[in-house]
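Peer 1: Got a structure here, written out as structure tokens. Questions coming.
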Amino acid sequence: MLAISPTDRLFVLTGAGVSAESGIPTFRGVNGLWRNYRIEEVASPHAWRRDPRLVWEFYSMRRRVASSAKPNPAHIALTKLEQRLGDRLFLCTQNVDDLHEQAGSVRVVHMHGELFKSRCDSCNRPPFGDTALYDPPADLPRCKCGGGIRPHICWFGEVPFELERIFRSLDECSIFMAVGTSGVVEPAASFVAHVGGRVRTIYVGAEEPANATAFTECLIGKAGEILPALLPT
Ligand code: OAD
Ligand code: ZN
């Protein structure tokens with residue numbers, strides 16, 4: 001059980017591994033990969049300019065997979081932790097699914113965007129909720145301004161959302177935990193080094209991440225088994 005004092009502030013970073021037991025494939029690692037797609041070819045501004053139909057085919061497929069997924073014990077353990085700690089928990093996810101919210105977490109920061117939101121690629125109309133599927137032969141969605149409607153996702157080469165709040169919370173935290181993230185995609189991969197030395201850093205995941213040496217502890221196993229035992233409820 002993780003000892004958390006009344007003055008501790010926890011920063012938790014989650015990655016694809018936290019949703020693996022809910023049936024959403026990871027990008028890398030054991031059983032990883034959206035096998036039929038090379039992520040850089042469907043998740044970049046270049047891909048969007050070159051082949052928006054392929055991009056929407058990929059994100060429609062991911063919407064389909066995520067819409068039938070249910071939270072697992074790892075999401076639920078983090079929700080119970082939030083109920084206990086309130087705003088002393090900062091839950092930052094690289095995941096674009098909504099399983100943390102479905103489990104009942106209310107302060108989730110989606111640094112890579114949200115699968116069930118879209119936005120215009122041209123005007124500054126705010127992102128809006130969108131569960132539609134735009135698989136071919138469906139027409140590509142268009143904004144009233146004439147621009148293309150794109151997934152509200154941070155693609156390769158784009159700047160993640162909410163970085164200012166995220167780095168402020170990293171500077172304020174006294175315990176840092178990463179769960180189910182392979183430690184290769186920046187800037188999230190460097191969060192542990194940013195806080196390391198100053199605070200306790202714990203990794204929970206199915207295998208050692210690429211940045212394992214930066215953590216004080218690595219707990220190897222499934223998030224859905226480790227987190228309910230590790231986190232106080
Ligand atoms: P990865 O797919 O790179 O890594 C998932 C990690 O989860 C791997 O290290 C697995 O070992 C681990 N894992 C698998 N099953 C697990 C389980 N049941 N419990 C715990 N861990 C498990 O996913 P991320 O690191 O999240 O970005 O990927 C980072 C970013 O790369 C994603 O957000 C995405 C992708 O490109 C964008 O789309 C912008
Ligand atoms: Zn527009």
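Peer 1: Only one residue in Ala189, Ala212, Ala178 is more than 22 Å from Leu231 (Cα to Cα), assigned by TED's automatic domain parsing to the domain that holds Glu225 and at pLDDT 95 or above. Which one?
Peer 2: From the options Ala189, Ala212, Ala178, the qualifying one is Ala189.
Peer 1: On the basis of being in contact with a helix residue (DSSP H, G or I) (Cβ under 6 Å, 6 or more places away or on another chain), within 20 Å of Arg63 (Cα to Cα) and of a type outside the set (Lys, Arg), does Val108 make the cut?
Peer 2: So Val108 fits the description; yes.
Peer 1: Filter the range 195-214 down to the residues that are touching a residue at least 60 places away in the same chain (Cβ under 8 Å) and not hydrophobic (A, V, I, L, M, F, W, C), then identify the one that is farthest from Phe167 (Cα to Cα).
Peer 2: Among those that are touching a residue at least 60 places away in the same chain (Cβ under 8 Å) and not hydrophobic (A, V, I, L, M, F, W, C), it is Glu207.
Peer 1: Kindly establish whether Asp130 is more than 16 Å from ligand 1 (Cβ to nearest atom), in contact with a His (Cβ under 9 Å, 6 or more places away or on another chain) and touching a residue at least 12 places away in the same chain (Cβ under 8 Å).
Peer 2: yes
Peer 1: If you don't mind, there's one more thing I want to ask. Given the options Gly180, Gly221, name the one that is more than 23 Å from Ser5 (Cβ to Cβ), in contact with a Gly (Cβ under 7 Å, 6 or more places away or on another chain) and not aliphatic (A, V, I, L, M). Even if it seems obvious, please write down each step before you answer.
Peer 2: Numbers: Gly221 fails: in contact with a Gly (Cβ under 7 Å, 6 or more places away or on another chain).
The unique qualifying residue is Gly180.
Peer 1: Give just the number: which of (1) over 14 Å from Phe58 (Cα atoms); (2) within 15 Å of ligand 1 (Cβ to nearest atom) does Trp155 not satisfy?
Peer 2: All conditions are met except number (1).
Peer 1: Quick one: what pairs do we get from the range 66-88, first residue in contact (Cβ under 8 Å) with a residue 60 or more places away in the chain, second surrounded by fewer than 22 Cβ atoms within 10 Å (Cβ to Cβ) and assigned to a helix (DSSP H, G or I), C-beta under 7 Å, 6+ apart or different chains?
Peer 2: Close Cβ pairs satisfying both conditions: Asn72/Gly224; Pro73/Gly224; Pro73/Pro228; Ala74/Gly224; Ile76/Ala103; Ala77/Pro228.
Peer 1: Another question, then. Using the structure shown, decide if Ile202 is in a strand (DSSP E or B) and under 19 Å from Leu78 (Cβ atoms). So that I can check it myself, show each step before the final result.
Peer 2: Values: in a strand (DSSP E or B): yes; under 19 Å from Leu78 (Cβ atoms): yes.
The answer is yes for Ile202.
Peer 1: For Arg107, state whether it is surrounded by fewer than 17 Cβ atoms within 10 Å (Cβ to Cβ), within 18 Å of the chain's Cα centre (by Cα) and charged (D, E, K, R).
Peer 2: yes
Peer 1: Would you mind telling me which numbered condition in (1) more than 10 Å from ligand 1 (Cβ to nearest atom); (2) of a type in the set (A, V, I, L, M, F, W, C); (3) touching a Leu at 6+ places or on another chain (Cβ under 7 Å) Ala178 fails?
Peer 2: (1)
Peer 1: Still on this structure, please answer the following. Condition check: in the same structural domain as Gly17 (by TED's automatic domain parsing), surrounded by 14 or more Cβ atoms within 10 Å (Cβ to Cβ) and in contact with a helix residue (DSSP H, G or I) (Cβ under 8 Å, 6 or more places away or on another chain). Does Val195 satisfy that?
Peer 2: Working: in the same structural domain as Gly17 (by TED's automatic domain parsing): yes; surrounded by 14 or more Cβ atoms within 10 Å (Cβ to Cβ): yes; in contact with a helix residue (DSSP H, G or I) (Cβ under 8 Å, 6 or more places away or on another chain): yes.
When the stated conditions are applied, Val195 passes them.
Peer 1: Within the bounds of the range 129-137, is there any residue that is within 16 Å of ligand 2 (Cβ to nearest atom), in a loop (DSSP other than H, G, I, E, B) and out of contact with any helix residue (DSSP H, G or I) (no Cβ under 6 Å at 6 or more places or on another chain)?
Peer 2: Yes, there is a match, as at least one residue in the range 129-137 is within 16 Å of ligand 2 (Cβ to nearest atom), in a loop (DSSP other than H, G, I, E, B) and out of contact with any helix residue (DSSP H, G or I) (no Cβ under 6 Å at 6 or more places or on another chain).
Peer 1: While we're here: Which residues, taken from the range 110-128, are within 16 Å of ligand 2 (Cβ to nearest atom) and of a type in the set (Phe, Trp, Tyr)?
Peer 2: Step one: of the range 110-128, the residues within 16 Å of ligand 2 (Cβ to nearest atom) are 117-128.
Listed by number, the list holds a single entry, Phe128.
Peer 1: Which of the residues spanning the range 192-209 are at pLDDT 95 or above and either under 19 Å from Leu2 (Cβ atoms) or hydrophobic (A, V, I, L, M, F, W, C) (or both)?
Peer 2: Selection gives Val192, Ala193, Val195, Val199, Arg200, Thr201, Ile202, Tyr203, Val204, Gly205, Ala206, Pro209.
The values are calculated or read from the model by the stated rules, or taken from the named source; none is laboratory data. Computed from a prediction, not measured in an experiment: that's the story for all the values here. Cβ: placed from backbone, ideal geometry, glycine included. Neighbour counts: every protein chain shown.
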